[in-house]
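Sharing a structure, written as C-alpha cells. Questions coming.
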Protein chains: 2
Amino acid sequence: MAKSFIPVASEHHFPIQNIPFGTGIKPGDSLPRCVSRLGDFAVDLKELENQGFFADVLPHPVFQGSFLNDFMSLSRTQWVGVRGKLQHLLSEDTPTLRDNQELRQAVLVPIENFTSTLPVQIGDYTDFSSSKHHALNLSFMFGGPNSSLRPNWLRLPVAYHSRASSVRISGHPVTRPKGQVKLPDKEDSVYQISEKVDYELEMAFFVGGKVNELGDPIDVERARENIFGLSLLNDWSSRDLKVWEYVPLGCFNSKNFISTISPWIVTLEALEPFKQSLPAQDPQPLPYLNETDHSSYNIRLDSLIKTPSMEAPHKISESNMLYLYWSITQQLAHHTESGCNLRVGDMMGTGTISGPDQSSLGCLLELTWAGKNPIELPSGEKRTFLEDGDELILTGACTGEGYTIGFGEVVSKVTPALQDKYFHN
Amino acid sequence: MAKSFIPVASEHHFPIQNIPFGTGIKPGDSLPRCVSRLGDFAVDLKELENQGFFADVLPHPVFQGSFLNDFMSLSRTQWVGVRGKLQHLLSEDTPTLRDNQELRQAVLVPIENFTSTLPVQIGDYTDFSSSKHHALNLSFMFGGPNSSLRPNWLRLPVAYHSRASSVRISGHPVTRPKGQVKLPDKEDSVYQISEKVDYELEMAFFVGGKVNELGDPIDVERARENIFGLSLLNDWSSRDLKVWEYVPLGCFNSKNFISTISPWIVTLEALEPFKQSLPAQDPQPLPYLNETDHSSYNIRLDSLIKTPSMEAPHKISESNMLYLYWSITQQLAHHTESGCNLRVGDMMGTGTISGPDQSSLGCLLELTWAGKNPIELPSGEKRTFLEDGDELILTGACTGEGYTIGFGEVVSKVTPALQDKYFHN
C-alpha cells in the first residue's frame with residue numbers, strides 16, 4: 001500500500017490516498033492560497049506550481065489565486081494529473097521532496113500554523129432533497145402515519161435554490177437567527193429569536209470541468225465529469241421561521257442565515273474505492289434520469305453535540321451517504337433539464353441524509369420527532385433543538401484497508417442572537 | 001430645465017436627467033467596459049476616469065473592469081458624485097466636452113456601434129412576491145373565488161432564492177425549456193417540451209454600498225442606502241414544469257432556465273421625482289418592516305408581444321411599479337431579518353407586478369386566466385402562452401415635465417427547444 005514519507009496514522013483522514021484540495025492562509029501571508037493536505041500538513045500548491053512541478057500536467061497556472069476555481073475549471077484528466085503528481089511527490093519512495101529540507105520547508109505547512117478559508121468562490125448554491133428516509137419522516141411527522149411521499153418525490157430529485165453568500169467554513173459561529181414566527185396561541189406573527197435552531201447533515205458537491213451552455217442540459221451519463229469533489233455540509237435551519245414562511249415558495253430566511261462546510265474538498269478519485277451501487281429505483285426514472293452507474297459512496301457520517309457543560313462531544317447520530325435515493329449525478333442532470341447553465345464553483349447540497357433507524361437520522365427535527373422526544377445527553381441534559389453555546393460537529397470518513405479517507409469535520413457553535421432596535425432579549 | 005449639448009427628444013428614455021449605468025463593448029474592444037448613456041450615445045466611463053474626470057469624487061479607480069460592481073461597492077454619496085460630474089460634463093453650458101472634438105470622439109460611442117453586456121456580476125438572485133393583485137389573482141385562479149391570500153402574505157414579503165447563473169440581458173433568446181410534466185390524463189410524469197412558457201413583468205433592483213455582515217440585519221429605515229438602482233426584469237416561467245415540481249420546496253427548473261433584464265441600471269436619484277407614497281398597509285407591519293417612507297415609483301410598465309406574422313409589437317398590458325404592496329426597502333430589510341448577508345451585485349426581483357384591472361396584469365397566466373381566455377392579437381392570432389418565434393417586450397418609463405426617465409426595454413424571442421437523445425420533436 002502506498003505510503004508517504006510523512007507518517008500518517010491509519011485512522012487519520014488525510015493519508016496519501018486522499019489528497020483533498022483546499023485554501024488557507026500561511027504564516028506571513030495576507031491572502032489565502034491553494035493547498036492540498038497530507039496528515040498534519042497543508043501542502044502548498046502555489047509554491048509547487050511556481051517551482052514548475054505541474055508544468056507537464058497543467059496547461060497554465062491555476063493555483064495563483066485565493067480560490068480553487070481556476071483549477072476546478074480544468075478537466076478530470078488534469079485534476080487526476082495533479083493528484084498523481086502529488087502522490088508521487090509525497091511518496092516514501094520519491095526523494096525529490098523527502099530529501100530536500102529547503103523544499104519541505106517551503107511546501108509543507110504544519111496544520112496548526114495554517115488557517116483554512118472558504119475553498120471555492122461559490123456561484124449558486126442549490127439544495128436537493130434526495131434521502132427518502134428523510135422525506136418520508138417529514139411526511140409522517142406533519143401528515144400522520146398514513147402519509148406518504150409527495151407524488152413528485154419518486155419522479156424527480158426535488159430541489160430549491162439556496163443562498164451562496166452565507167456559506168462559511170467549519171469554525172464560523174452560528175448566530176442564532178431572529179425572524180417572524182407565528183405562535184399557535186397568537187393571532188398575529190411576532191418578531192423574535194428563533195427557538196428551533198437545527199442542524200442538517202448533508203454532503204456538498206462542487207461543480208467543475210467544462211460546464212454546459214444555457215439551454216443545453218447535461219446528460220446524466222456524463223454528469224460525473226462536472227463533479228470536482230465533495231465536502232461535508234451543515235445546512236442550518238430555523239424550524240420555527242420555516243413553518244411560517246415556506247408556503248408556497250419554499251424556505252427563505254429559515255435557511256439563508258448560514259450554511260457551513262468542511263474546508264477540504266475530497267475528490268471522486270479518492271472516494272472511488274468506496275463507491276457502491278444503490279438499489280434499483282422504483283418507479284424506474286424517466287430516461288433523462290436513468291443512469292447505468294446508479295451509485296453513491298460508503299461514507300460514514302456522524303453527528304455529535306457538545307454542550308457547554310460537557311467535556312467531550314457526544315455522538316447523536318450515525319448516517320451514511322449510501323442513504324441517498326437520488327444520486328449526485330442524477331441531481332446534477334436534473335438541475336439542467338430545463339436548460340439551466342451550471343458554473344464552475346456552484347455548490348449543491350444533497351439534502352439531509354437520514355437512514356432507516358432512529359440512530360441514523362440527520363437532524364434534530366427527526367431525532368426528537370419535532371421536539372416531542374428530547375434527546376438525552378451524557379451530561380444529564382436534554383435537547384430538542386440547539387441552545388446557545390452548543391457545538392454541533394459533523395464528521396465523515398470511509399474506512400479502507402489500513403487507511404481512512406476522511407472529510408475532517410464541520411464544527412459550529414451556536415451564539416446568542418444580536419440585539420437590535422426591534423429586538424431586546 | 002437641464003439640457004445636454006446632445007439633443008435628446010422629450011420621449012427618449014435617456015436624457016441628461018437619467019444617467020443610467022451599464023457595460024458593453026466598444027468597436028475594437030474585446031472586453032466590456034463601464035459606461036453611462038445619454039440619448040443615442042454610450043458615455044465611456046473608463047475613458048473619463050483615465051482622463052481624471054472623477055478624481056475628486058472617487059477614492060480610487062472603479063471603472064476599469066467589465067462590470068459595475070467596483071463602482072456599486074462605493075456609497076450613495078459617490079454614486080451621486082459621479083452622476084453630478086456626468087450631468088455637468090454633458091450639459092449644454094459646459095464647454096469641456098461640448099467643444100473638444102477629440103474628447104467627444106473618445107468618450108461618446110454611437111449606440112448602434114455599442115454592444116451592451118450584463119452590467120453586474122450578480123452574487124445571489126432573490127425573487128419576491130410583492131404585488132397583492134398578482135398574489136390574489138393566483139389564489140383565485142387555483143383556489144376559486146372564495147380564496148384569499150396565504151396567511152403569511154400580508155405579514156412579510158414572501159420570497160425565494162432564485163438562480164443567478166442564468167440571468168441574461170435583453171436580446172438573448174429564450175430557448176423553450178424541456179422538463180418533467182405531469183399531464184392530467186396520465187398516471188406518470190413525462191419528459192417533454194414545456195407548453196406553457198410565460199413571461200413575468202418585474203422590476204429588478206441591485207445591491208450596492210456598504211453591505212451588512214452575516215448575522216446583522218439591515219434596518220428598513222436605512223435599506224435605501226444599499227439599493228444602487230433598478231432595471232426591468234422578465235422572470236421567465238414554465239407554468240407546466242412549475243405545477244409538478246413546486247410542492248413543497250418552491251420553483252426550481254420552472255424558473256432557472258433564463259431571466260432577462262434591461263441592460264441599463266437607473267438610479268434612485270433619477271427616479272426620485274417619481275417617488276410616490278404607497279397606501280398604508282393593513283395590518284400594520286411588524287416594527288422591523290414598518291417604514292417612515294413607504295413608497296414606490298410611478299413607472300409605467302408595458303408588456304408587448306410580436307408574433308412572426310405581426311409587423312409591429314402589440315401592447316397586451318400596462319402595469320405600474322406603484323402596484324407594489326411591499327416596497328423594495330421592506331423587501332431588502334426582510335431578506336436580512338434572520339442575518340443573511342447581502343453582497344454588492346446581488347439582484348432582487350419584485351415578483352410579477354399586476355394592477356387591479358384586466359389591462360394591468362403582468363403575465364399571460366393572469367391575462368388568459370390560466371389559459372382559459374386566450375388573448376386576441378391584431379393579426380387575428382390567439383395566444384394562451386408563448387409560441388416559438390414570439391417576441392415579448394417589456395418597457396418602462398416615468399413621464400416628467402418635458403422629459404422621460406426610461407429603462408429601455410427587455411426584448412426576448414422564444415426559440416424552439418433543443419433536440420437531445422431523450423427528446424425528439
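Can you say whether A:G371 is open to solvent by less than 30 Å² (accessible area, probe 1.4 Å), over 28 Å from A:V207 (Cα atoms) and in a loop (DSSP other than H, G, I, E, B), as far as the supplied structure shows?
yes
Being open to solvent by less than 50 Å² (accessible area, probe 1.4 Å) and not hydrophobic (A, V, I, L, M, F, W, C) is the filter; apply it to the range B:71-84 and report the residue that is nearest to B:L268 (Cα to Cα). Quick ask: steps written out before the conclusion?
The initial filter retains those residues of the range B:71-84 that are open to solvent by less than 50 Å² (accessible area, probe 1.4 Å), namely B:71-72, B:74-76, B:78-79, B:81-84.
Now restrict to residues that are not hydrophobic (A, V, I, L, M, F, W, C): B:75-76, B:78, B:81, B:83-84.
Numbers: B:S75: 13, B:R76: 10, B:Q78: 13, B:G81: 14, B:R83: 11, B:G84: 14 Å.
If we take residues in the range B:71-84 being open to solvent by less than 50 Å² (accessible area, probe 1.4 Å) and not hydrophobic (A, V, I, L, M, F, W, C), then B:R76 is nearest to B:L268 (Cα to Cα).
To keep it simple, each residue is scored yes or no on (1) surrounded by 14 or more Cβ atoms within 10 Å (Cβ to Cβ); (2) within 30 Å of A:L332 (Cβ to Cβ); (3) in contact with a Cys (Cβ under 9 Å, 6 or more places away or on another chain).
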{"site": "A:D56", "(1), (2), (3)": "no, no, no"}
{"site": "A:Q64", "(1), (2), (3)": "no, yes, yes"}
{"site": "A:N69", "(1), (2), (3)": "yes, yes, no"}
{"site": "A:L86", "(1), (2), (3)": "yes, yes, no"}
{"site": "A:T96", "(1), (2), (3)": "no, no, no"}
{"site": "A:M141", "(1), (2), (3)": "yes, yes, no"}
{"site": "A:P157", "(1), (2), (3)": "yes, yes, no"}
{"site": "A:H161", "(1), (2), (3)": "yes, yes, yes"}
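Please give the number of the condition B:P263 fails out of (1) closer than 30 Å to B:D388 by Cα; (2) open to solvent by less than 10 Å² (accessible area, probe 1.4 Å).
(2)
Here is a further query. Please go through the range A:360-377 and give me each residue that is in contact with a helix residue (DSSP H, G or I) (Cβ under 9 Å, 6 or more places away or on another chain) and of a type outside the set (D, E, K, R), ordered by number.
The answer is A:S360, A:L361, A:G362, A:C363, A:L364, A:L365, A:L367, A:W369, A:A370, A:G371, A:N373, A:I375.
Can you list residue pairs whose Cβ atoms sit under 6 Å apart, with the first residue in the range B:327-340 being more than 8 Å from chain A (Cβ to nearest Cβ) and the second being open to solvent by 10 Å² or more (accessible area, probe 1.4 Å) and polar (S, T, N, Q)? Count only pairs 6 or more apart in sequence or on different chains.
Short answer, once both residue conditions are applied: B:T336/B:N212.
Further question on the same structure: Of everything in the range B:267-281 that's in contact (Cβ under 8 Å) with a residue 40 or more places away in the chain and not in a helix (DSSP H, G or I), which residue is most open to solvent (accessible area, probe 1.4 Å)? Break it down stepwise before answering.
Of the residues in the range B:267-281, the ones in contact (Cβ under 8 Å) with a residue 40 or more places away in the chain are B:267-271, B:273-274, B:276, B:278, B:281.
This time we only want the ones that are not in a helix (DSSP H, G or I), so: B:267, B:276, B:278, B:281.
Numbers: B:T267: 6, B:Q276: 79, B:L278: 18, B:Q281: 26 Å².
Top of the filtered list is B:Q276.
Looking at the range B:232-249, which of its residues are in contact with a Cys (Cβ under 8 Å, 6 or more places away or on another chain) and in a loop (DSSP other than H, G, I, E, B)?
Narrowing the range B:232-249 to residues in contact with a Cys (Cβ under 8 Å, 6 or more places away or on another chain): B:237, B:242, B:245, B:249.
The one that is in contact with a Cys (Cβ under 8 Å, 6 or more places away or on another chain) and in a loop (DSSP other than H, G, I, E, B): B:L249.
I want to confirm something. Restricting to the range A:119-139 and keeping residues that are outside any loop (DSSP other than H, G, I, E, B) and of a type in the set (S, T, Y), which single residue is most open to solvent (accessible area, probe 1.4 Å)? Spell out how you get there, then give the answer.
Taking the range A:119-139 and keeping what is outside any loop (DSSP other than H, G, I, E, B), we get A:125-128, A:132-139.
Those left that are additionally of a type in the set (S, T, Y): A:125-126, A:139.
Values: A:Y125: 2, A:T126: 1, A:S139: 23 Å².
Among them, the one singled out is A:S139.
List the pairs whose first member sits in the range B:205-227 and is in the same structural domain as B:A164 (by TED's automatic domain parsing), whose second member is acidic (D, E), and whose Cβ atoms are under 7 Å apart, counting only residues at least 6 apart or on separate chains?
B:V207/B:D346; B:G209/B:E225; B:P217/A:D420; B:P217/B:E337; B:V220/B:E291; B:E221/B:E291
Return the residues of the range A:163-200 that are open to solvent by less than 40 Å² (accessible area, probe 1.4 Å), in a loop (DSSP other than H, G, I, E, B), touching a Gly at 6+ places or on another chain (Cβ under 9 Å) and basic (K, R); say none if nothing qualifies.
Scanning the range A:163-200 gives a single hit, A:R176.
Name the single residue that is farthest from the other protein chains (Cβ to nearest Cβ) among those in the range A:155-199 being free of Cβ contacts under 8 Å to residues at least 12 places away in the same chain and charged (D, E, K, R).
Only one residue fits best here, namely A:D185.
Across the range B:310-352, which residue is surrounded by the fewest Cβ atoms within 10 Å (Cβ to Cβ) among those that are under 17 Å from the mean Cα position of the chain (by Cα) and over 30 Å from A:S254 (Cα atoms)? It would help to see each step written out before you state the result.
As a first pass, look at the range B:310-352 and keep what is under 17 Å from the mean Cα position of the chain (by Cα): B:317-324, B:326-329, B:331-332, B:344-352.
Going one step further and asking which of them are over 30 Å from A:S254 (Cα atoms), we end up with B:317-320.
On the way: B:S317: 26, B:E318: 15, B:S319: 28, B:N320: 20.
Per the stated criteria, the residue is B:E318.
Right, here's the next one. Look through the range B:341-368, keep the residues that are under 20 Å from B:F205 (Cβ atoms) and of a type in the set (D, E, K, R), and return whichever of them is nearest to the other protein chains (Cβ to nearest Cβ). Even if it seems obvious, please write down each step before you answer.
Start the filter on the range B:341-368 by keeping residues that are under 20 Å from B:F205 (Cβ atoms), which leaves B:341-355, B:362-363.
Retained after the next criterion (residues that are of a type in the set (D, E, K, R)): B:343, B:346.
Numbers: B:R343: 5, B:D346: 7 Å.
That would be B:R343.
Could you please let me know if B:E102 is touching a residue at least 60 places away in the same chain (Cβ under 8 Å), among the charged types (D, E, K, R) and more than 10 Å from chain A (Cβ to nearest Cβ)?
Numbers: touching a residue at least 60 places away in the same chain (Cβ under 8 Å): no; among the charged types (D, E, K, R): yes; more than 10 Å from chain A (Cβ to nearest Cβ): yes.
Against the criterion (touching a residue at least 60 places away in the same chain (Cβ under 8 Å), among the charged types (D, E, K, R) and more than 10 Å from chain A (Cβ to nearest Cβ)), B:E102 does not qualify.
Of the residues B:D216, B:D198, which is in contact with a helix residue (DSSP H, G or I) (Cβ under 6 Å, 6 or more places away or on another chain) and of a type in the set (D, E)?
Checking each option against the conditions leaves just B:D198.
Among the numbered criteria (1) away from every other protein chain (no Cβ under 11 Å); (2) open to solvent by 10 Å² or more (accessible area, probe 1.4 Å); (3) in a loop (DSSP other than H, G, I, E, B), which single criterion is violated by A:R224?
Failed condition: (3).
Kindly evaluate B:L418 against the criterion of being open to solvent by 30 Å² or more (accessible area, probe 1.4 Å), at pLDDT below 95, of a type outside the set (S, T, N, Q) and assigned to a loop (DSSP other than H, G, I, E, B). Outline the logic, then answer.
On the way: open to solvent by 30 Å² or more (accessible area, probe 1.4 Å): yes; at pLDDT below 95: yes; of a type outside the set (S, T, N, Q): yes; assigned to a loop (DSSP other than H, G, I, E, B): yes.
When the stated conditions are applied, B:L418 passes them.
For the range B:385-397, give me each residue that is part of a loop (DSSP other than H, G, I, E, B) and open to solvent by less than 50 Å² (accessible area, probe 1.4 Å). Before you say what the answer is, go through the steps one by one.
Applying the first criterion (part of a loop (DSSP other than H, G, I, E, B)) to the range B:385-397 yields B:385-390.
Across the range B:385-397, the qualifying residues are B:F385, B:L386, B:G389, B:D390.
Oh, and also: Please determine, by comparing only the residues of the range A:282-309 that are more than 28 Å from A:Y199 (Cα to Cα) and open to solvent by 50 Å² or more (accessible area, probe 1.4 Å), which one is farthest from the other protein chains (Cβ to nearest Cβ).
In this case the residue turns out to be A:D293.
Suppose we keep only residues that are at the interface with chain A (Cβ under 10 Å from one of its Cβ atoms) and not hydrophobic (A, V, I, L, M, F, W, C) within the range B:140-154. Which one would you say is farthest from B:T260 (Cα to Cα)?
Among them, the one singled out is B:P151.
With the condition being over 24 Å from the mean Cα position of the chain (by Cα) and not assigned by TED's automatic domain parsing to the domain that holds B:N212, I'd like the strands (runs of 3 or more DSSP E) fully within the range B:9-118 carrying at least 2 qualifying residues. Can you show your working first?
Details: elements: B:21-25, B:33-38, B:41-44, B:108-110, B:115-117.
Correct list: B:108-110.
The values are calculated or read from the model by the stated rules, or taken from the named source; none is laboratory data. What you are looking at is a predicted structure, and each value in this text was computed from that prediction instead of being measured. Quick reminder, even Gly has a Cβ in these numbers, built from the backbone with ideal geometry, and neighbours come from all protein chains shown. Protein only, heavy atoms only, side chains kept; ligands, DNA and RNA dropped before computing areas. Shrake-Rupley method; radii C 1.70, N 1.55, O 1.52, S 1.80 Å.
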